[in-house]
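First up is the structure itself, then whatever we jot down about it.
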Amino acid sequence: MISRLNLRNFDDDGSSTAGDPDAATNEEIEARIAKAHKQGHIEGYLTGADAGRAEMAKTMEKAQTEMVEMLAQELARLAIAAEQRHEALVAQVVGFTLQTCEIIFPEIIERMSAERVRKTAMRSLKMAIGSSRIRVRLSPDTLAEIGPELRMQAAQHQCDHALELQADPELHAGDARMEWDHGGLDYGFQKICDRLLAELRDTHQRAINAQKDKDGHGQA
């Protein structure tokens, strides 16, 4: 039987890798080092990029929150300003309407009183048909103007026998007082205009007061 013979070089200090097929060369070692360095660089870059994106997301979220808050404050300010402008506009419109009515109402009363009373008295006369007594009181000037037409209208409705026309010096032009069996009328064109003016004055004053209160709170 022949045994295997191993030969050894006793002059070799063991540093040489010649003959070891698995040993890496210097070029391979340097390539591995470069690859590891590059891999570490890439991982570090990716880690830094993730951290940067997270920080950027936080910054953008904070900026968006601040923008929303600023927008809400601006909208609230605009709403208050719009309300103040609206109240000021209402006061101006009502004031202008009041001034206009104060100028034209006297002329309207003078020109339209008799016509308004005539139409109102004619409608009321139709409602009073069949009454045993229809009493109509007008101012002297209004009676002289529309009295004949009222009598003609009563005759057409066959109630002229019940019609009583009276001149009342205490009534103004445009006033009418009527009484019949189941109803009555107390009409005053001037009173209607005066009531409208009073409502306008009251509305105008309330608008002014509301605007003053807003301005006072705004300055406080």
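What follows draws every value from the coordinates through simple rules; no lab data is involved. All figures in this text were calculated on a predicted structure; none of them were measured in a lab. Glycine gets a Cβ as well: all are built from the backbone with ideal geometry, and neighbour counts include every protein chain shown.
With the highest mean first, a sort of the peptides 134-140, 175-181, 145-151 on other beta-carbon atoms found within 10 angstrom per residue produces 134-140, 175-181, 145-151. For a paramagnetic label modelled at 7 Å from the Cα of Met152 toward its Cβ, which residues of segment 101-117 fall within the zone defined by backbone nitrogen distances under 19 Å? Only 114-117 fall inside the zone, counting backbone N under 19 Å.
Close amide-amide hydrogen proximity is noted between Ala128 and no other residue 5 or more places distant or on a separate chain, at a cut-off under 5 Å (H modeled in the peptide plane; Pro and chain starts excluded). Radius of gyration (Cα atoms) of segment 98-219, expressed as a multiple of 2.2 N^0.38 Å: 1.46.
Full extension of the chain between Gln166 and Ala198 yields a length gain of 8.4 nm, computed as 0.36 nm times the residue separation minus the alpha carbon distance. Across segment 98-219, the mean sequence separation of Cα contacts (distance under 8 Å, 6 or more residues apart), normalised by length, yields a relative contact order of 31 percent. Share of antiparallel DSSP beta bridges in segment 98-219, in percent to the nearest 5? Once the DSSP bridges in segment 98-219 are tallied, antiparallel ones form about 65 percent.
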